[in-house]
């Protein structure tokens, strides 16, 4: 039984890898080259959403969103739990064409074609192993929140979990949220880890659910307490979702 399951997983993974590569070469690449040729320097957030949808289709991801970013002109900091390579794709869609700046792993900038989209959406690349780079990114995030124009997206864990359990939160972003009295949008991501995680070779197509039930104010709070509050909210939504599924 286990061998049959592994064989099915292997076949699915090989098929999905072929589909991902084909989508990247025959859909994303021509689409990107077109925008490279007509590039006028503007931010391409809406166009990037289409790229994310193409790649999620190739991964076999059905995205379900429960709670969106309020569109009232106020700058907010969006935080998600980080468990999969598909996280950068689902968050691209979560922005829904809104101007936002994301902090992602710097190594993503080395992927041909995607480098163009990351640059044209003002994405900030972080090498978490470099203290110098961490300071640079901290200053860039400070500037984004000080200017107050664009939403900021970040994974407060700083890296992908390898177990499915949330990692400790980095406090730097919470210090800035408190400093500038910003509001956090805590988003619980469910299902992404099971589709493709850091330790697994296999790709398992399925649904990814993004849940946001409330906003959390940073004004007047202690950064450590704020981090605990956000983590509790994200974990709480995950548990409620899983319990509701098991009870049905």
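Which ranges mark the strands (runs of 3 or more DSSP E) fully within segment 3-106 that have 3 or more residues being farther than 28 Å from residue 142 by Cβ and touching a strand residue (DSSP E or B) at 6+ places or on another chain (Cβ under 8 Å)?
It comes to 61-66.
Quick check on my filter: what residues within segment 219-248 are in contact (Cβ under 8 Å) with a residue 60 or more places away in the chain and in contact with a strand residue (DSSP E or B) (Cβ under 7 Å, 6 or more places away or on another chain)?
Scanning segment 219-248 gives 230, 234, 238.
Six or more apart or on different chains, Cβ under 7 Å: which pairs go from a residue in segment 178-192 that's touching a residue at least 12 places away in the same chain (Cβ under 8 Å) and on the phi > 0 side of the Ramachandran plot to one that's assigned to a strand (DSSP E or B) and surrounded by 21 or more Cβ atoms within 10 Å (Cβ to Cβ)? Could you list them?
Once the first residue is touching a residue at least 12 places away in the same chain (Cβ under 8 Å) and on the phi > 0 side of the Ramachandran plot and sits in segment 178-192, its partners that are assigned to a strand (DSSP E or B) and surrounded by 21 or more Cβ atoms within 10 Å (Cβ to Cβ) give 191/208.
Being outside any helix (DSSP H, G or I), over 20 Å from residue 234 (Cα atoms) and in contact with a helix residue (DSSP H, G or I) (Cβ under 9 Å, 6 or more places away or on another chain) is the filter here; which residues of segment 140-167 pass it?
150
Among the residues of segment 125-144, write down those that are in contact with a strand residue (DSSP E or B) (Cβ under 9 Å, 6 or more places away or on another chain), surrounded by fewer than 20 Cβ atoms within 10 Å (Cβ to Cβ) and touching a residue at least 12 places away in the same chain (Cβ under 8 Å).
Scanning segment 125-144 gives 127, 128, 133, 134, 140.
Filter segment 117-139 down to the residues that are part of a helix (DSSP H, G or I), in contact with a helix residue (DSSP H, G or I) (Cβ under 7 Å, 6 or more places away or on another chain) and modelled with pLDDT under 95, then identify the one that is farthest from residue 28 (Cα to Cα).
118
May I ask you to list the residues in segment 184-206 that are surrounded by fewer than 17 Cβ atoms within 10 Å (Cβ to Cβ) and either under 15 Å from the mean Cα position of the chain (by Cα) or more than 21 Å from residue 58 (Cβ to Cβ) (or both)?
Those that are surrounded by fewer than 17 Cβ atoms within 10 Å (Cβ to Cβ) and either under 15 Å from the mean Cα position of the chain (by Cα) or more than 21 Å from residue 58 (Cβ to Cβ) (or both): 198, 199.
Take the residues in segment 107-116 that are out of contact with any strand residue (DSSP E or B) (no Cβ under 9 Å at 6 or more places or on another chain) and in a helix (DSSP H, G or I); name whichever of them is farthest from residue 34 (Cα to Cα).
Out of the qualifying residues, it is 110.
Which one of the conditions (1) in a loop (DSSP other than H, G, I, E, B); (2) touching a residue at least 24 places away in the same chain (Cβ under 8 Å); (3) within 29 Å of residue 147 (Cβ to Cβ); (4) touching a helix residue (DSSP H, G or I) at 6+ places or on another chain (Cβ under 9 Å) does residue 170 fail to meet, given that it meets all the rest?
So residue 170 meets the others, but not (2).
Does residue 227 fit the bill of being surrounded by 13 or more Cβ atoms within 10 Å (Cβ to Cβ) and closer than 26 Å to residue 56 by Cα?
Spelling it out, it is not the case that residue 227 is surrounded by 13 or more Cβ atoms within 10 Å (Cβ to Cβ) and closer than 26 Å to residue 56 by Cα.
Hey, can you tell me all the residues within segment 188-233 that are in contact with a helix residue (DSSP H, G or I) (Cβ under 7 Å, 6 or more places away or on another chain), under 20 Å from residue 162 (Cα atoms) and not in a loop (DSSP other than H, G, I, E, B)?
Answer for segment 188-233, where residues must be in contact with a helix residue (DSSP H, G or I) (Cβ under 7 Å, 6 or more places away or on another chain), under 20 Å from residue 162 (Cα atoms) and not in a loop (DSSP other than H, G, I, E, B): 188, 189, 190, 192, 195, 206, 208, 209, 210.
The values are calculated or read from the model by the stated rules, or taken from the named source; none is laboratory data. Everything numeric here is computed off the predicted structure, so don't read it as measured data. We place every Cβ from the backbone using ideal geometry, glycine too, and count neighbours over all the protein chains shown.
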